[in-house]
1. Restricting attention to region 266-277, does a residue exist that is within 13 Å of ligand 2 (Cβ to nearest atom), within 15 Å of residue 204 (Cα to Cα) and modelled with pLDDT of 95 or more?
2. Collect the residues in region 236-248 that are on the phi < 0 side of the Ramachandran plot and either without any contact (Cβ under 8 Å) to a residue 60 or more places away in the chain or more than 16 Å from ligand 1 (Cβ to nearest atom) (or both), keeping them in residue-number order.
3. Can you find, within region 298-318, the residue that is surrounded by the most Cβ atoms within 10 Å (Cβ to Cβ) among those that are modelled with pLDDT of 95 or more and either touching a Cys at 6+ places or on another chain (Cβ under 8 Å) or within 21 Å of residue 219 (Cβ to Cβ) (or both)?
4. Consider residue 183 carefully, then state whether it is more than 16 Å from ligand 1 (Cβ to nearest atom) and closer than 21 Å to residue 293 by Cα.
5. For region 278-308, enumerate the residues that are over 17 Å from residue 197 (Cα atoms) and in a helix (DSSP H, G or I).
6. Is it fair to say residue 206 is closer than 23 Å to residue 308 by Cβ, modelled with pLDDT of 95 or more, surrounded by fewer than 21 Cβ atoms within 10 Å (Cβ to Cβ) and away from ligand 1 (no atom under 14 Å from the Cβ)?
7. Answer with yes or no whether residue 288 is in the same structural domain as residue 212 (by TED's automatic domain parsing), touching a residue at least 60 places away in the same chain (Cβ under 8 Å) and closer than 22 Å to residue 233 by Cα.
8. Quick check on this structure: which one of 222, 233, 251, 256 is closer than 16 Å to residue 196 by Cα, touching a residue at least 24 places away in the same chain (Cβ under 8 Å) and either more than 13 Å from ligand 2 (Cβ to nearest atom) or surrounded by 23 or more Cβ atoms within 10 Å (Cβ to Cβ) (or both)?
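The values are calculated or read from the model by the stated rules, or taken from the named source; none is laboratory data. These numbers were taken from a predicted model, which means no experiment stands behind them. Positions of Cβ are backbone-derived with ideal geometry, glycine not excepted, and every protein chain shown enters the neighbour counts.
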Amino acid sequence: MKIFITILALVFTPISVITVHAKEQGQVTQPASGSALRKAVLDGLRPSIEADIKQKVIFIVDKIRVSDDWAFVQVTPVQPDSKSIDFRKTKYKERMDEGVFDGATTWALLRKKDNQWVVLTFQIGPTDVCWAEWDKAPYNCPRKILPYGDKYKITRNTHRTTMTPIDYENLWAAVVDMPSHRDRYSVHGQDHWKRVERNGCVLTARTGAKIDVVRLFSLFHDSRRENEGWDPDHGKRGAELAMAMRGTFFDLTDEDFDLLHYACVWHTDSDRHADPTIGTCWDADRLDLGRVGMIPDPAYMSTDFGAEIATHGVIQPWLHLAGAYLENPMTHHYYR
Ligand SMILES: [Fe+2]
Ligand SMILES: [Fe+2]
């Protein structure tokens with residue numbers, strides 16, 4: 001949770017706030033390709049990476065953010081002839097075998113001492129946002145050099161005691177506006193979330209699920225994916241985002257929030273669930289498998305109604321049932 005609130009605080013700042021030409025002390029700069037500063041930072045990083053994977057490397061640079069004597073770097077190390085590194089021949093083979101190596105992307109924090117850039121820490125291929133707490137001990141770097149800087153923060157309203165109807169439009173806008181890797185039509189993007197919401201509303205008409213939990217699940221469950229492939233912790237991150245936004249953008253009772261949290265965290269790891277709300281969330285997601293060429297299997301549906309729809313093959317004959325919750329279920333997933 002603590003980690004995710006930090007991430008959340010970071011992810012709202014538009015890139016445009018980064019001042020490329022800023023010279024003033026304390027400003028964040030992104031040294032240009034070919035600049036002496038950029039070369040000095042990369043020269044500082046290279047020996048650590050070469051020692052770690054026991055081979056010569058050059059870097060493809062994604063980000064270098066410098067402020068005074070601090071530098072944050074996001075790079076992809078490659079062989080000197082620009083070919084990809086075979087990490088199976090490095091100490092990372094074990095992590096690859098365990099499915100906890102997320103590619104060659106490398107993040108590093110450096111600090112200048114005696115005119116030399118010194119590596120404080122780095123990680124190659126982490127499966128989480130490794131830099132999220134580098135602004136805290138032991139590194140204590142300025143937060144502004146981390147991706148997205150420090151302009152926006154979410155403060156949880158812990159004093160709120162009354163429940164009000166959820167403003168879904170406002171809530172969706174806040175989540176959709178967060179920087180991410182995806183476009184709206186990516187297989188786990190907002191077009192999918194909308195169909196899950198519609199499916200969930202159809203199912204709820206007969207399963208007796210808690211509709212707000214189902215609608216919130218559709219928004220949050222894939223919201224913090226970091227890629228469209230293997231991303232085992234994305235449900236957990238989605239749940240943590242819901243937790244961070246609860247009390248500010250929406251509220252639920254503790255009991256209902258626990259359902260939402262559970263449904264998000266376990267939506268890819270578990271088969272079925274007997275609770276009608278959790279089962280409805282998962283069925284709503286699985287009924288959208290058609291988008292990736294998979295036919296939903298009635299055997300993997302948690303609710304009888306979900307199994308009935310899966311057996312039929314398409315949800316269209318039941319779309320009208322979502323009319324109790326959505327303005328226009330037939331076109332709900334189309335963007336205006
Ligand atoms: Fe997912
Ligand atoms: Fe999904």
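1. No, because not a single residue in region 266-277 is within 13 Å of ligand 2 (Cβ to nearest atom), within 15 Å of residue 204 (Cα to Cα) and modelled with pLDDT of 95 or more.
2. Looking only at region 236-248, we keep the residues that are on the phi < 0 side of the Ramachandran plot, and these are 236-246, 248.
236, 238, 239, 242, 243, 244, 245, 246, 248, listed by residue number.
3. If we take residues in region 298-318 being modelled with pLDDT of 95 or more and either touching a Cys at 6+ places or on another chain (Cβ under 8 Å) or within 21 Å of residue 219 (Cβ to Cβ) (or both), then 306 is surrounded by the most Cβ atoms within 10 Å (Cβ to Cβ).
4. Working: more than 16 Å from ligand 1 (Cβ to nearest atom): yes; closer than 21 Å to residue 293 by Cα: yes.
Yes: the conditions hold for residue 183.
5. Within region 278-308, the subset over 17 Å from residue 197 (Cα atoms) is 292-295, 297-300, 304, 307-308.
Residues satisfying the conditions are 292, 298, 299, 300, 304, 307, 308.
6. Numbers: closer than 23 Å to residue 308 by Cβ: yes; modelled with pLDDT of 95 or more: yes; surrounded by fewer than 21 Cβ atoms within 10 Å (Cβ to Cβ): yes; away from ligand 1 (no atom under 14 Å from the Cβ): yes.
It is true that residue 206 is closer than 23 Å to residue 308 by Cβ, modelled with pLDDT of 95 or more, surrounded by fewer than 21 Cβ atoms within 10 Å (Cβ to Cβ) and away from ligand 1 (no atom under 14 Å from the Cβ).
7. Details: in the same structural domain as residue 212 (by TED's automatic domain parsing): yes; touching a residue at least 60 places away in the same chain (Cβ under 8 Å): yes; closer than 22 Å to residue 233 by Cα: yes.
In short, yes.
8. On the way: 233 fails: closer than 16 Å to residue 196 by Cα; 251 fails: closer than 16 Å to residue 196 by Cα; 256 fails: closer than 16 Å to residue 196 by Cα.
Going through 222, 233, 251, 256 in turn, just one is closer than 16 Å to residue 196 by Cα, touching a residue at least 24 places away in the same chain (Cβ under 8 Å) and either more than 13 Å from ligand 2 (Cβ to nearest atom) or surrounded by 23 or more Cβ atoms within 10 Å (Cβ to Cβ) (or both): 222.
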